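Structure provided below as structure tokens; questions to follow.
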Amino acid sequence: MQRRFTPTLWPTLFTIPALLVLVGLGTWQLQRMQWKTEIIDTFEARMSDKAIDPPARVEDIEKWRFKRVTLVGEFLHQKEFTITGKTFEGTAGFHLITPLQSADGRITLINRGWIPERLRLRNTRPETLTKGSVLVDGIIREDKKKGYFVPENEPQNNVWLYINSEQMAAKSQVGPIANYYIDVLREPGPYALPIGASGSIKMRNEHLQYALTWYFLALSLLVIYVIYHYRPDEN
């Protein structure tokens with residue numbers, strides 16, 4: 001008995017949109033993989049470059065993101081900010097953000113690194129209150145974009161969940177602040193507070209696996225659809 005491919009209405013109406021969705025999800029995962037790969041490659045390339053002086057203002061963050069820079073100035077400890085909800089090796093804490101005033105008067109926010117929650121009060125961590133001129137070695141970062149599930153900052157209550165240079169400039173009243181911040185790089189050796197950035201980027205990049213999963217589901221659905229509609233030829 002011969003069989004022929006005879007599509008029927010309702011399975012077809014279900015299968016076509018489902019295939020489009022599954023293929024679309026797979027393609028989106030490939031795009032995400034490419035985006036993350038480019039970020040990692042850019043970070044590694046710029047970390048290997050020689051440190052340079054940062055600009056007063058960044059007009060094109062794509063050209064400056066992850067650039068290694070050095071900056072000399074004095075910390076304005078009375079104007080520091082603490083970014084809540086940060087962990088290090090499973091321990092709760094915060095990131096210490098301190099404005100740095102350069103000799104030319106410009107102000108730059110410096111993410112000095114992680115500190116445990118028990119040392120939130122300034123008088124409990126005198127080792128972080130560096131006096132005089134300091135040399136900052138770090139990388140340029142743009143203001144953090146608020147996550148969908150992250151509440152808004154509350155400048156009036158001095159509650160900060162992400163870095164926003166405009167809000168922090170208004171709160172600190174120290175004058176114009178650079179429209180970026182600098183992540184301080186961790187020095188080799190035993191950890192010292194604040195614990196700075198590691199100098200490496202850690203991003204999960206499993207999107208190829210996810211893409212193959214979506215494409216496999218699309219192929220499986222198509223095979224089932226075709227097999228289902230190969231029916232005996234009644235003629």
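No lab work stands behind these numbers, since they all come straight from the coordinates. The structure displayed is predicted, hence computed values, not measured ones. Cβ sites come from the backbone with ideal geometry, for glycine too, and all protein chains shown count toward neighbours.
Most exposed first by the Cβ proxy, i.e. fewest other Cβ within 10 Å, how do His77, His207 rank?
His77, His207
Arranged by the count of other C-beta atoms within 10 angstrom, fewest first, what order do Glu89, Glu80 take? Walk me through the numbers on the way to the answer.
Numbers: Glu89 7, Glu80 18.
The order, fewest Cβ neighbours first, is Glu89, Glu80.
Before rounding to the nearest 500, sum -39500 (n - 2.57) across all DSSP H runs of length at least 4 in the chain and divide by the residue total; then give [θ] at 222 nm in deg cm²/dmol.
Computed ellipticity for the chain at 222 nm equals -10500 deg cm²/dmol.
Something else: Using Stokes-Einstein with the Kirkwood hydrodynamic radius over Cα pairs, what translational diffusion coefficient do you get for the chain at 4 °C and a viscosity of 1.567 mPa s, in µm²/s rounded to a whole number?
60
Which one, Ile97, Thr124, Phe149, is farthest towards the positive end of the dipole of the chain when Lys and Arg carry +1 and Asp and Glu -1 on their Cβ?
So the residue we want is Thr124.
Just want to confirm a number: the relative contact order over the chain, from Cα pairs under 8 angstrom separated by 6+ residues, in percent.
Relative contact order for the chain comes out at 29 percent.
Output the relative contact order of segment 63-184, whole-number percent, from Cα pairs under 8 angstrom with separation of 6+ residues.
Computed value for segment 63-184: 32 percent relative contact order.
Taking the Cα centre of the chain as the origin, how large is its charge dipole in debye, to the nearest 20, when only Lys and Arg (+1) and Asp and Glu (-1) carry charge on their Cβ atoms?
In total the dipole reaches around 300 debye.
A further question follows. Nearest 20 debye, what's the magnitude of the dipole of segment 63-184 about its Cα centre given +1 on Lys and Arg Cβ and -1 on Asp and Glu Cβ?
Dipole of segment 63-184, to the nearest 20 debye: 140 debye.
Additional query: Show me 4-14, 175-185, 150-160 ranked by packing, highest mean number of other Cβ atoms within 10 Å first.
175-185, 150-160, 4-14
Then there's this: Once the Cα atoms of segment 122-174 are picked out, what are the Rg and Dmax in Å?
In Å, with Rg to one decimal and Dmax whole: 14.2, 40.
Quick one: angle between helix 207-229 and the longest Cα principal axis of the chain, in degrees between 0 and 90, rounded to 10, please.
20
Treating only the Cβ atoms of Lys and Arg (+1) and Asp and Glu (-1) as charged, compute the dipole magnitude of segment 1-107 about its Cα centre; round to the nearest 20 debye.
Working: 14 positive and 12 negative charges, 124 e Å.
With Lys and Arg at +1 and Asp and Glu at -1, about 600 debye.
Now for a different question. May I ask you to list the aspartates and glutamates whose Cα is less than 19 Å away from that of Lys67, ignoring any residue fewer than eight positions away on the same chain?
Those aspartates and glutamates meeting the cut-off are Glu38, Asp41, Glu44, Asp49, Asp53, Glu59, Asp137, Glu142, Asp143, Asp183, Glu187.
Can I ask one more? Take the alpha-carbon positions of segment 63-184, form their convex hull, and give its projected area averaged over all directions (one quarter of the hull surface) in nm².
8.1
Let me ask another. Using Cα atoms only, what is the angle between the long axis of helix 9-47 and the major principal axis of the chain, expressed in degrees (0 to 90) to the nearest 10?
The angle comes out at about 30 degrees.
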